[in-house]
1. Taking amide H positions as placed in the peptide plane 1.01 Å from N, state which residues far from Thr168 in sequence (5 or more) or on other chains have amide H under 5 Å from it.
2. Under 10 °C and 1.306 mPa s, how fast does the stretch 52-169 diffuse according to Stokes-Einstein, given a Kirkwood radius computed over C-alpha pairs? Answer in µm²/s, whole number.
3. How far, in nm, would the chain grow between Arg229 and Tyr52 when pulled straight, counting 0.36 nm per residue and subtracting the alpha carbon separation?
4. Helix hunt in the chain: which complete DSSP H runs extend at least 20 Å axially by C-alpha with mean Kyte-Doolittle at least 0.0?
5. On average over all directions, what projected area in square nanometres does the chain have, based on the convex hull of its Cα atoms?
6. Net charge around Ala218, counting only other residues with Cβ within less than 14 Å of its Cβ (Lys, Arg = +1; Asp, Glu = -1)?
7. Which of Leu249, Leu187, Leu93 ends up with the largest GNM mean-square fluctuation for the chain, with Cα atoms connected below 10 Å?
8. Give me the percent relative contact order of the chain, please, defined on Cα pairs under 8 angstrom at least 6 residues apart.
Amino acid sequence: MSSKSHAKPIVKPIGGQASNARTENAAGWLWASPWVVGFLGFMLLPIAMSFYYSLTEYPLLEKPIFIGFDNYASLLSDGVFLRAVGRTALYALVTIPLSTILALVIAGMLSARVRAGGFFQAAVFLPTLVPMAASAMVWLWLFNAKDGLINRTLAAIGIEGPNWLTGTITFGTDAAGQPIQMPWAFLSVVIIALWGVGQAVIVYLAALREVPTSLYEAAAIDGMGPIRRFMSVTLPMISPMILFNVITLTIGSLQVFVIPYVITKATPGGDPRSLYFFTSAMYDNAFVYAQMGYASAMAWVQLLVTLILTAGMFLVSKNLVHYRAG
């Protein structure tokens with residue numbers, strides 16, 4: 001005689017599932033709370049406060065007085081600020097293309113299998129690890145008109161070096177017959193910017209090594225020369241990295257400050273406005289003239305310009321940047 005045992009299904013109570021879900025959510029928020037508190041306290045709150053200050057007259061030692069958008073309107077008639085904006089735009093227009101081309105050339109050279117390739121990669125990347133203030137002090141010595149290494153090297157081959165930090169270079173005359181001059185100090189800062197392309201070089205080098213060799217083999221079969229192969233194969237394949245580096249260079253160019261500031265302060269007799277950029281004007285208004293509201297308005301203009309330029313580059317790049325599937 002056989003007996004059958006009926007097993008009862010185990011059903012977890014719905015309330016228990018909800019309790020476990022709440023516990024898991026609470027644990028997740030607990031682990032994420034340092035980041036959330038840090039974001040709210042050190043990013044979101046200062047951003048909101050800076051926007052409020054940009055709508056006020058705030059001399060730091062007194063309470064801010066709400067004045068609406070008067071600070072933004074004043075920027076349009078501030079000659080010193082507008083010249084700083086123009087100088088920053090010129091700096092960006094010069095350094096971004098030159099840095100991109102130089103980084104691509106160096107990456108192309110390093111992508112070849114050469115002896116001591118790791119050493120050269122480290123040598124190119126090393127300048128990006130040096131603090132900017134220390135870099136500025138080194139370049140102050142290099143650009144010294146009397147005892148600097150650059151002018152001494154030029155003198156050894158019979159060339160008289162310029163006064164890099166206080167002199168000017170003439171490019172001709174304008175329509176009114178006035179000489180078109182540019183401070184050598186401005187070109188010196190451009191040279192320093194080109195010295196720091198190591199990070200972009202490493203990014204391009206990694207991208208070049210990810211290009212499938214089968215594409216180069218197909219290009220060789222089609223009879224493509226080196227230039228056409230670079231334009232038709234290499235450039236499209238690394239275009240996402242070019243876009244990334246151009247965006248980072250744009251942001252860095254709009255925020256250039258440390259190198260010009262140190263060089264200006266350490267060069268008596270030079271033109272203090274020759275290296276006066278957007279961030280320089282913002283710094284002076286905030287911490288020298290104690291016009292924190294006016295400086296906050298400059299900061300928001302800088303942010304909006306950066307966002308507009310970044311969005312514009314993404315829109316323009318839709319038909320220029322090629323992303324690999326998968």
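1. Counting only residues 5 or more places away or on other chains, the set is Trp184.
2. Translational diffusion coefficient: 82 µm²/s.
3. 58.4 nm
4. Span-like helices in the chain: 14-39, 79-111, 235-254, 292-316.
5. 34.8
6. 0
7. Leu93
8. About 26 percent, as a whole number.
Each reported figure results from applying straightforward, stated rules to the coordinates on display, with no laboratory input. Since we're looking at a predicted model, the values are computed, not measured. All Cβ positions, glycine included, derive from the backbone under ideal geometry; neighbour counts span all protein chains shown.
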